[in-house]
Amino acid sequence: MSNHDSLLEEQKAYYRARAAEYDEWFLRIGRYDRGAQHRQQWFAEVSEAQQIVAELAPYGHLLEFAGGTGLWTERLVDSVESITVVDSSAEMIAINRARINSDTVRFIQADIFSWEPDQQYDFVFFGFWLSHVPPERFDAFWALVARCLAPGGRVAFVDSLHDPNSTARDQFLRQPEDTVVTRRLNNGTQYEIVKVFYVPEQLQARLEAVGWTVSVRQTAQFFIIGSGKRSA
C-alpha cells in the first residue's frame, strides 16, 4: 500500500471513529466552543450557506457524497424525489439513517474513490467533502461527478475556508497550502487526513479547466459554496 493509500485509509478510520462526536463541530460545542460572539458569526454563515443551497432548488433524484451524520441530508430530503447517500463510514450512515428516517433515502456504504453509480442523477451535492479529495485525485473525482449526472444535471457543494477558529481549540491548523492536517478526537487519539483549502477564484478556474461551468462564492469567514454544471 502506498503512502497515499495509507493516508486515505487513515482518513476513513478517522471519520468512522469520529462519527459519534462529529456534530459537535457543526454545533460549536465542547472543544469547538469559542464563545458567544464566535457562535453568532458561525451560525449566521451556516444560515447563509443553507439559504444559498435552498435557492439552487435541488430537484429530482439527488446523489449526496459523504452524507455523514445527515446535517445536509435532512435539509435536502423534502425538496427532491429521492436521495442516494454514499459514505464509507457505517457509523456515519447509522446516525444519518436514524436522523432522516425516510423511505426516499437510499444509503450506500462505499469508498467514494472506487464507487461507480448504478444510475444517473439530476443533482449531485457534497458538503465538506471536496476538501478531503487529494489534489492528485481532483480530476478523477470530477470525472466521477460527471458520470453521475444526467444530461442537464447540476452540482452544488459547501466546504471550509481556511480559518483557525473553525477547528477545535486544541488543534493547530496548518498553512493554507498544506494538504495534510492532524486531527484529534475527544479522547486524544490523533489522525492524519487530507484537507485542501480552496480560494474561490482559484477553485472556479480549476473547475473550468476540467470542463465545468461553476460559480464559487464565499461567506465572510468560514465557508465556500459552489454550484454549476458541465460546460457545453
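The values are calculated or read from the model by the stated rules, or taken from the named source; none is laboratory data. Note that the structure is a prediction, hence the values are computed from the model and not measured. No Cβ is skipped: glycine too gets one built from the backbone with ideal geometry, and neighbour counts run over all protein chains shown.
Laid out as a table, the results:
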item: Among residues of region 122-136, those that are buried (at least 16 other Cβ atoms within 10 Å of the Cβ), outside any loop (DSSP other than H, G, I, E, B) and either more than 17 Å from the chain's Cα centre (by Cα) or not polar (S, T, N, Q) (or both), counted; result: 8
item: Residues within region 79-108 that are under 16 Å from residue 65 (Cα atoms) and of a type in the set (D, E, K, R), tallied; result: 4
item: Of the criteria (1) buried (at least 21 other Cβ atoms within 10 Å of the Cβ); (2) in a loop (DSSP other than H, G, I, E, B); (3) polar (S, T, N, Q), which one residue 119 fails; result: (1)
item: Any chance residue 93 is at pLDDT 95 or above, surrounded by fewer than 16 Cβ atoms within 10 Å (Cβ to Cβ), under 29 Å from residue 181 (Cα atoms) and among the β-branched types (Val, Ile, Thr); result: no
item: Selection count, region 181-209, where residues are touching a strand residue (DSSP E or B) at 6+ places or on another chain (Cβ under 8 Å), of a type in the set (A, V, I, L, M, F, W, C) and either exposed (fewer than 13 other Cβ atoms within 10 Å of the Cβ) or at pLDDT below 95 (or both); result: 1
item: Sole residue being touching a Leu at 6+ places or on another chain (Cβ under 6 Å), of a type outside the set (A, V, I, L, M) and under 24 Å from residue 7 (Cα atoms), chosen from 159, 87, 111, 163; result: 159
item: Criterion violated by residue 113 - all others in (1) over 30 Å from residue 232 (Cβ atoms); (2) under 16 Å from the mean Cα position of the chain (by Cα) satisfied; result: (1)
item: Residue count, region 52-68 (criterion: part of a loop (DSSP other than H, G, I, E, B) and touching a residue at least 24 places away in the same chain (Cβ under 8 Å)); result: 7
